[in-house]
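Peer 1: Sharing a structure below in C-alpha cells format, with a few things to ask.
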C-alpha cells in the first residue's frame, strides 16, 4: 500500500494494465440455470409412494423431537399430538401445511440483474460455507480472517456461474465469535451484488441478519420478497434443536426462506439402507417444512439435506460415493412429488489437499446433483477435507466446473444445425473445419474451453513451468483478485449498515476471547 | 531374484504373508453391468429423426471415402454408387445392411465365469490402450516394456470392475514393432482369464490375432462366438483407410466384432456444432457398420467413436467438457435407435500428472458415460495426458471408480426396506444406528467404502505420512501385484500359442530397430 502511494506512475500503469485485462474477462453473472436435462429418476411412481408412506408412518408413529418450548406450543396450537418434546404429526396435517409452500421462489439481489428464480427446473450455484480453515493463496492451511472471507466473497463475485456469495465461506477467527455474524453478513453484502445467505447461529443473530437485510432492501420490500437464505440443520435422527428452530422463526416471520436440512451420516444416524435413509430424511425434512408454515403460512421454504455416508473404518463422512448419488436422485423425486424447491450439496470431498481425490469426489457429486435436478446447489465451490477447509485453488476450479455443468445442463444448441450441416457438405471427406466460416463464427459458443485445465503437450507444459492445477489455479485466483472491482453499496444504506453493526457490537459482549492463533 | 533364491525362508515367509493378504481380498470379477439408470436422453424423438435424416443425407449426397480397393469393389457389388474412392450410400441400402447386426453380443472369456453380455442395458468396463508412455510404480514417465504391459494386464485381472485386459494398454518399446502384436496378444491371454481386445494395426496383424484366438478357443468355437474386439478408427471427416478396412475384414470374416469408431476432434474435423458433429459422426459410424455386414451378414459389430473437442489455443484435444457429455447422451440415443451396441470412452483427460485436473476430467466423463447408457466402456482405467501415458496410480483409482459407478448404476436396493424402517422405529429420535443389528448386518453392502479415498482426519492423515492419492494408489498397486496369482493357461494351448508366435517371429522381419531409449 505504501509502495503504491509513493509511486503514483506505477499505480497508474497498474490500473491501465488492469483495464486491459478487464476488457478481456466477462464476469457478468450467468442467469439462474434452467436445467434442461431429463432428470435421473431411479424410482417408479409406486416407489415414490412407498417412501412417502414410510415417512408419514415415521411422522405419525415414531414422531419428531422439537427441543424448543416455543415450537412445542406452536405444534399444540396447530393440532399435533405432543408428548414431552416429541411431536407426532398426522399425515393429513403435514400435507395440509406443506401445501402452502410456494413451488418457486424469486431471489432478489441488490443488483436486480442478479436476481434469480428457484424451483422447478430453475437452479443456482452457491459456494461452500462454514470452513474453520482455509488453504490460502500460497496453499497454506491456516485459520481464516475477515480479510480471507472478503477474498472469497470477491472470488464469488468474479465467478460468472456462482449466483451467490453465501455467508461465512470461512470462519473469520480474528473477530469475536459473538459479533462475527454482523461482519460476515456485511462482507457478503459489500463485496458483491449477488444474492447471499444469512447466519442462523442463534435466533438473535438471525434477527440481526434480518435487520441488516431490512436496511439494505427496505423493511417493506423484505416483507414481500426473498433476499436471503438461512440454513437450519436437523440433528438426525428426528431431532430439531432450539437454536435452529429459533433462527427458523426469525427468518420465516420476515418471509425469508430457510433450508430445512436433515444432516445425514448414512449408517451412523440413519439405517444401513439407501431407501430407508431417504424415508427418514424425508420425514425429517417434511417436519421442518411443515413447521415453517406453522410459523407463517405461505412463507417460502426449501427442502434441504446434507448427505454423506460414513466410513466403517473411522466413522468419518465420505463423499462421492454411489449411494450419495442415488440418494440425490431419490430426494429430487420426493421434493418434486411435494412441489417444494430443494437444496443439495455439490463439490463435497474428504481429500486433505487439492489432489486427484478431490477432483473425483467433486466432479462425481456435481454430476449427480445436475442429473438429480437440484435447485439450490450449495457448497458448489471450495469444499475440501470434509468441509474442514476451503481451498482457494479448488474454489476457482469448482467455480469453472459450475460453468461447465451449466453449459451441459442447457442441452445441445440446435439453432445453427442447418448451417453447420452445410459446412459438412462444403468440407467433404478428408477436409478440415478450422478455416470454414461457420467454424470461425461459432467455435467460441460451440465448445467450452476450460481455462484451468491444461491441454497442451507435455513439452509446452514443461516449458510453462510444469505447473499442476493447484499452482495454475492459485495464479488465476490472484489475477481475479487483481481485476476485482467492488460493486459499490448505496452510500446511505452502507452508512446505515455500518451504524447498525457499530451499535450491535457495543451491545454484544465480546465474551469469547479471540482465537489465540491470532 | 538372487537374494530370494539365497534365502528360501524369507521367500516362504513372503508367500505366507501373501496368502494371508489374499484371504482378505476378493478379486472375483463383477458380472457384466446391468445399467438400471434411466438414460439421459436430451433429444426428443423428432430430434433423433432429424439426426438420422441428416446423416442419411450426408451418406447419400456427400458420400464417404473408402481408401481401399477391396472395399470399393465390395461396395459396387453391394449396389452402392462408387465414384473414384467415394461411396454414395442410399439410406435404404444402409438400413437394410445394419438391420442384420445383432443387438446383443455375448463375449466369451477363456474362464466361462468371466463371459459377459453386451448391448441393451448390458455394459462392460475395458481399460485404456495405446499409450506410448507410462507413469510407472515410481510415478516416473518413460517408455514402456513388455514387463510393464504384463503389469497392467495383471492389474486388470485384479480389478473386479474391469471386464477385460484390453490389448496394448501401453506400447512395449522393447520388442520390434512388426512383431509386437503377437506378444501383446499373448500377454492379454496369459495374464488374465477375462476377455481381451485384438490388434488392428494391419490386416496381417489382425489375421495373426484371429489365428491366436483360434488356438486359444478352437477355430470352430470362434466361428460362432465373439471372443475379442478389434477397434477400427475412422479418419474424420468421412474417410476410412486401407489399414482399418483390411483389419475389419480379418475380424468380420471370423465373425468377431469390431468397434466402428469415427475419431472426433470437435471443431477441427467436425463442425462447430454439437448436433451437426453427432450427425457427421453418425454417418461415419453407419457407413462402417454397414460395411461389416457387406463383409459378413449377421456378424456382430459395435457403434463406436472417440470424442474430444479441441482447444482453440493449441488445437489439442480436450476432455471432460460439457459438449462431450452431451454428445455421449445423443450418440447413445442414436445407437439405441438403430438397435446396435455402442462403445464410448471413459476416464479421458489431458492432465500431465495425476492431479486434480485428472480427477475432474475422469469423473465427469465416467458419469456422462453411465447416464448415456454406453455398452462398451473403453479407456476406463489409466488414461492421462490425452492418451500419451497410462498412469499406474490412476489405473487402480479408475478401476475403483468403475466399481463405484457399477454400484450406482445398479440402483437402490429395496430388498431390506421394511427391516431398515423397523430400525428407524427401534432407534427413535436422537439415537444412533451403529450398534443396531440391521446396521451391523447390512453396512458393508449398503454403503460403498472407497479404498483409495482417504477420509480420515487431517491429524490421522499426517500421522500416516501425509500421502496424497498418487502415493497411496502406487502402494495399492504394489500390493495388488504382490498378491497376483496367474490364472494358468491350458498347457497344450499355451504351447500352441508359443509355437505360433515363434514361427511368426521367424517369418516377420524385425525391420524396425528397437527404440533407442532401450
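The values are calculated or read from the model by the stated rules, or taken from the named source; none is laboratory data. All of these numbers come straight from a predicted model, not from anything done at the bench. Every residue, glycine among them, receives a Cβ derived from its backbone with ideal geometry; neighbour counts consider all protein chains shown.
Peer 1: Does residue B:287 qualify as being over 22 Å from the mean Cα position of the chain (by Cα) and surrounded by fewer than 22 Cβ atoms within 10 Å (Cβ to Cβ)?
Peer 2: no
Peer 1: Where residues in segment B:303-339 are assigned to a loop (DSSP other than H, G, I, E, B) and surrounded by fewer than 24 Cβ atoms within 10 Å (Cβ to Cβ), which of them is farthest from the other protein chains (Cβ to nearest Cβ)?
Peer 2: B:339
The rows are residues; the columns are (1) closer than 16 Å to residue B:181 by Cβ; (2) touching a helix residue (DSSP H, G or I) at 6+ places or on another chain (Cβ under 9 Å).
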site: B:236; (1), (2): no, yes
site: B:246; (1), (2): yes, yes
site: B:255; (1), (2): no, yes
site: B:258; (1), (2): yes, yes
site: B:261; (1), (2): no, yes
site: B:265; (1), (2): no, no
site: B:272; (1), (2): no, yes
site: B:275; (1), (2): no, yes
site: B:278; (1), (2): no, yes
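Peer 1: When residues of segment B:425-450 are filtered for being within 30 Å of residue B:398 (Cβ to Cβ) and surrounded by 15 or more Cβ atoms within 10 Å (Cβ to Cβ), how many remain?
Peer 2: Of the residues in that region, 7 qualify.
Peer 1: Condition first: away from chain B (no Cβ under 14 Å) and either under 14 Å from residue B:424 (Cβ atoms) or assigned to a helix (DSSP H, G or I) (or both). Now tell me which residues in segment A:287-302 satisfy that.
Peer 2: Passing the criteria: A:289, A:290, A:291, A:292, A:293, A:294, A:295.
Peer 1: Among the listed residues B:374, B:351, B:358, which satisfies the condition of being part of a loop (DSSP other than H, G, I, E, B), touching a strand residue (DSSP E or B) at 6+ places or on another chain (Cβ under 7 Å) and under 23 Å from residue A:473 (Cα atoms)?
Peer 2: B:351
Peer 1: What's the number of the only condition in (1) under 22 Å from residue B:319 (Cα atoms); (2) in a helix (DSSP H, G or I) that residue A:477 fails to meet?
Peer 2: (1)
Peer 1: Of the conditions (1) within 10 Å of residue A:271 (Cα to Cα); (2) within 7 Å of chain A (Cβ to nearest Cβ); (3) assigned to a helix (DSSP H, G or I); (4) at pLDDT 95 or above, residue B:408 satisfies every one except a single condition; which number is it?
Peer 2: (1)
Peer 1: Here's a follow-up. For the structure I just gave you, tell me whether residue B:276 is within 8 Å of another protein chain (Cβ to nearest Cβ), at pLDDT 95 or above and surrounded by fewer than 24 Cβ atoms within 10 Å (Cβ to Cβ).
Peer 2: Spelling it out, it is not the case that residue B:276 is within 8 Å of another protein chain (Cβ to nearest Cβ), at pLDDT 95 or above and surrounded by fewer than 24 Cβ atoms within 10 Å (Cβ to Cβ).
Peer 1: Oh, and also: May I ask you to say which residue of A:373, A:350 is buried (at least 24 other Cβ atoms within 10 Å of the Cβ), modelled with pLDDT of 95 or more and facing another protein chain (nearest Cβ under 7 Å)?
Peer 2: Just a single option satisfies the conditions, and that option is A:350.
Peer 1: Take the residues in segment B:451-467 that are assigned to a loop (DSSP other than H, G, I, E, B) and surrounded by fewer than 21 Cβ atoms within 10 Å (Cβ to Cβ), then tell me which one is nearest to the other protein chains (Cβ to nearest Cβ).
Peer 2: Filtering segment B:451-467 for residues that are assigned to a loop (DSSP other than H, G, I, E, B) and surrounded by fewer than 21 Cβ atoms within 10 Å (Cβ to Cβ), the one nearest to the other protein chains (Cβ to nearest Cβ) comes out as B:456.
Peer 1: Now for a separate question. Given the options A:380, A:415, name the one that is in contact with a strand residue (DSSP E or B) (Cβ under 8 Å, 6 or more places away or on another chain) and either on the phi > 0 side of the Ramachandran plot or at pLDDT 95 or above (or both).
Peer 2: From the options A:380, A:415, the qualifying one is A:380.
Peer 1: Here are B:399, B:386, B:363: which of them is crowded, with 24+ Cβ neighbours inside 10 Å, part of a helix (DSSP H, G or I), at pLDDT 95 or above and at the interface with another protein chain (Cβ under 8 Å from one of its Cβ atoms)?
Peer 2: B:363
Peer 1: Continuing with this model, one more query. Looking at (1) out of contact with any strand residue (DSSP E or B) (no Cβ under 8 Å at 6 or more places or on another chain); (2) under 30 Å from residue B:37 (Cβ atoms); (3) without any contact (Cβ under 8 Å) to a residue 12 or more places away in the chain, which is the only condition residue B:463 fails?
Peer 2: If we test residue B:463 against (1) out of contact with any strand residue (DSSP E or B) (no Cβ under 8 Å at 6 or more places or on another chain); (2) under 30 Å from residue B:37 (Cβ atoms); (3) without any contact (Cβ under 8 Å) to a residue 12 or more places away in the chain, just (2) comes out false.
Peer 1: Let me ask you something else. Inside segment A:21-48, can you point out the residues that are at pLDDT 50 or above and more than 30 Å from residue A:278 (Cβ to Cβ)?
Peer 2: A:23, A:24, A:25, A:26, A:27, A:28, A:29, A:30, A:31
Peer 1: Could we say that residue A:18 is within 30 Å of residue A:287 (Cβ to Cβ) and either at pLDDT below 95 or more than 14 Å from every other protein chain (Cβ to nearest Cβ) (or both) here?
Peer 2: Considered against the rule, which asks whether it is within 30 Å of residue A:287 (Cβ to Cβ) and either at pLDDT below 95 or more than 14 Å from every other protein chain (Cβ to nearest Cβ) (or both), residue A:18 comes out as no.
Peer 1: Tell me, which strands (runs of 3 or more DSSP E) lie completely within segment B:190-242 with 1 or more residues that are farther than 27 Å from residue B:155 by Cβ and touching a residue at least 12 places away in the same chain (Cβ under 8 Å)?
Peer 2: Passing ranges, in order: B:239-241.
Here's the yes/no breakdown for (1) outside any loop (DSSP other than H, G, I, E, B); (2) touching a residue at least 24 places away in the same chain (Cβ under 8 Å); (3) within 12 Å of chain B (Cβ to nearest Cβ):
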{"position": "A:421", "(1), (2), (3)": "yes, no, yes"}
{"position": "A:435", "(1), (2), (3)": "no, no, yes"}
{"position": "A:443", "(1), (2), (3)": "yes, no, yes"}
{"position": "A:473", "(1), (2), (3)": "yes, yes, yes"}
{"position": "A:481", "(1), (2), (3)": "yes, yes, no"}
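Peer 1: Answer with yes or no whether residue A:181 is over 14 Å from residue A:108 (Cα atoms) and without any contact (Cβ under 8 Å) to a residue 60 or more places away in the chain.
Peer 2: When the stated conditions are applied, residue A:181 passes them.
Peer 1: Residues of segment B:50-85 being more than 8 Å from every other protein chain (Cβ to nearest Cβ) and in a loop (DSSP other than H, G, I, E, B), which ones?
Peer 2: Those that are more than 8 Å from every other protein chain (Cβ to nearest Cβ) and in a loop (DSSP other than H, G, I, E, B): B:68, B:79, B:80, B:84, B:85.
Peer 1: Which one of the conditions (1) buried (at least 23 other Cβ atoms within 10 Å of the Cβ); (2) within 20 Å of residue B:29 (Cβ to Cβ) does residue B:161 fail to meet, given that it meets all the rest?
Peer 2: The one condition residue B:161 does not meet is (1).
Peer 1: Do we have any residue at all in segment B:232-254 that's crowded, with 24+ Cβ neighbours inside 10 Å and within 27 Å of residue B:160 (Cβ to Cβ)?
Peer 2: Scanning segment B:232-254, I find no residue that is crowded, with 24+ Cβ neighbours inside 10 Å and within 27 Å of residue B:160 (Cβ to Cβ), so the answer is no.
Peer 1: Sticking with this structure for a sec: What tally of residues in segment B:257-273 results from selecting those that are in a loop (DSSP other than H, G, I, E, B) and surrounded by 24 or more Cβ atoms within 10 Å (Cβ to Cβ)?
Peer 2: 8
Peer 1: State whether one or more residues within segment B:259-271 are more than 12 Å from every other protein chain (Cβ to nearest Cβ), more than 26 Å from residue A:456 (Cα to Cα) and free of Cβ contacts under 8 Å to residues at least 60 places away in the same chain.
Peer 2: yes
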